[in-house]
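Let me begin by presenting the structure, written as structure tokens, before commenting on it.
Every read-out reported here was derived from the displayed coordinates using simple, explicitly stated rules and does not represent laboratory data. As the structure is a prediction and not an experimental result, all values here were calculated from the model. For neighbour counting, all protein chains shown are included, and Cβ atoms are generated from backbone atoms with ideal geometry for every residue, glycine included.
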Amino acid sequence: MREPIDLHTHSSVSDGTETPTELVASVIRAGLGTFALTDHDTTDGWDEAFAAARGTGLTVIGGMELSTRVGHASVHLLAYLIDPENLALREETLRIREERLTRAETIVSRLAADFDISWTDVLTQVSDGATVGRPHIADALVARGAAPDRSAAFRDILHPKHGYFVPHYAPDPLYAIRLIREAGGVPVLAHPATRGVDAVVPREHLAQLVDAGLFGLELDHPENKPEGVAVLRGYAEEFGLAVTGSSDYHGVGKPNRLGEHTTPRAVLERIVDEATGTSPFFG
Ligand code: AMP
Ligand code: FE
Ligand code: FE
Ligand code: ZN
């Protein structure tokens with residue numbers, strides 16, 4: 001497992017703009033030694049990524065970014081080296097993906113009242129079988145000339161304050177952590193400080209997540225805010241949580257660059273040691 005190590009990337013199997021094969025090419029161009037493919041609520045991109053990495057010397061960590069929810073707040077969990085065949089996890093992710101689809105249709109029907117956009121426009125932006133999200137709606141708005149790019153669509157039209165936004169079903173993080181552990185995976189709380197210091201997970205709640213099996217916090221992430229990170233570094237020490245760093249690369253859909261944050265090899269070695277779901281792919 002060569003460094004540099006980037007443990008959070010997306011392909012077109014969810015809301016990244018590159019196929020797993022193209023992503024592997026970008027990872028090599030960026031000079032990484034190891035990366036994790038962590039598409040939203042699916043492991044369907046793993047095999048293509050492994051095939052593309054074969055013979056390149058890259059290590060690929062099979063992962064997933066699992067959607068969870070606490071009240072109105074969306075909480076993402078990175079799940080590393082899960083067994084992709086685990087039934088309970090498969091059923092849960094299938095439900096999330098199905099509900100993401102109906103939720104996206106609802107958002108589009110709301111948008112259609114004010115913009116020239118149809119459900120077909122959105123489906124044009126989604127690869128076969130991919131996990132659907134707001135990024136695909138953003139791309140459809142861009143294609144219709146309603147927004148200059150994905151990020152602008154997120155800042156403006158798709159922002160919840162405009163009333164088109166609809167949340168989607170997602171399980172409770174406590175349940176999700178248990179599900180990941182039962183599938184042999186290692187759960188890390190993704191970008192836990194993006195929303196300002198008051199929105200950081202309360203200490204008591206974090207203690208429960210740790211009891212359920214949380215392994216670490218993704219504290220080095222382009223969208224984390226320093227004040228929240230400072231608080232969470234204290235909790236990480238107190239609870240013995242690992243700290244990871246990653247880019248959350250989405251291709252051209254987001255400004256995040258591959259390898260802009262990385263994870264030390266020793267931390268990845270602990271993840272590999274704890275995981276029983278599957279092994280890294282050595283290409
Ligand atoms: P959703 O989960 O469907 O509500 O959509 C949120 C997702 O959009 C998150 O995973 C973000 O990482 C992703 N996303 C992709 N591109 C962008 C962007 N340019 N700005 C904000 N979020 C983005
Ligand atoms: Fe995403
Ligand atoms: Fe996320
Ligand atoms: Zn992500």
- Query: Hey, among the residues in region 133-167 that are surrounded by fewer than 16 Cβ atoms within 10 Å (Cβ to Cβ) and outside any loop (DSSP other than H, G, I, E, B), which one's nearest to ligand 2 (Cβ to nearest atom)?
  - Reply: SER151
- Note on the structure: The residue that is nearest to ALA49 (Cα to Cα), considering only those in region 229-283 that are under 16 Å from the mean Cα position of the chain (by Cα) and of a type in the set (Gly, Ala, Ser), is GLY251
- Which of (1) over 16 Å from LEU37 (Cα atoms); (2) under 21 Å from the mean Cα position of the chain (by Cα); (3) outside any strand (DSSP E or B) does LEU217 not meet, given it meets every other one? (3)
- Checked region 68-102 for anything buried (at least 19 other Cβ atoms within 10 Å of the Cβ) and more than 21 Å from THR278 (Cβ to Cβ); matches are THR68, VAL75, ARG100
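Within region 53-62, can one find any residue that is among the polar types (S, T, N, Q) and in a loop (DSSP other than H, G, I, E, B)? Lay out the reasoning, then the answer.
Step one: list which residues in region 53-62 are among the polar types (S, T, N, Q), which gives 56, 59.
Imposing the further condition that a residue be in a loop (DSSP other than H, G, I, E, B) reduces the set to 56.
Yes, region 53-62 contains a residue that is among the polar types (S, T, N, Q) and in a loop (DSSP other than H, G, I, E, B).
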- Contact list, first residue from region 176-197 and away from ligand 4 (no atom under 16 Å from the Cβ), second anywhere and among the basic types (Lys, Arg) and not in a helix (DSSP H, G or I), beta-carbon distance below 9 Å, six or more apart or interchain, is GLY196/LYS225; VAL197/LYS225
- Out of all the residues in region 30-45, which are more than 16 Å from ligand 2 (Cβ to nearest atom), in contact with a Leu (Cβ under 8 Å, 6 or more places away or on another chain) and touching a residue at least 60 places away in the same chain (Cβ under 8 Å)? ALA30, LEU32, THR34
- Message: With the requirement that a residue be touching a Gly at 6+ places or on another chain (Cβ under 9 Å) and away from ligand 4 (no atom under 16 Å from the Cβ), what does region 239-264 give you?
- Response: LEU241, ALA242, VAL243, PRO264
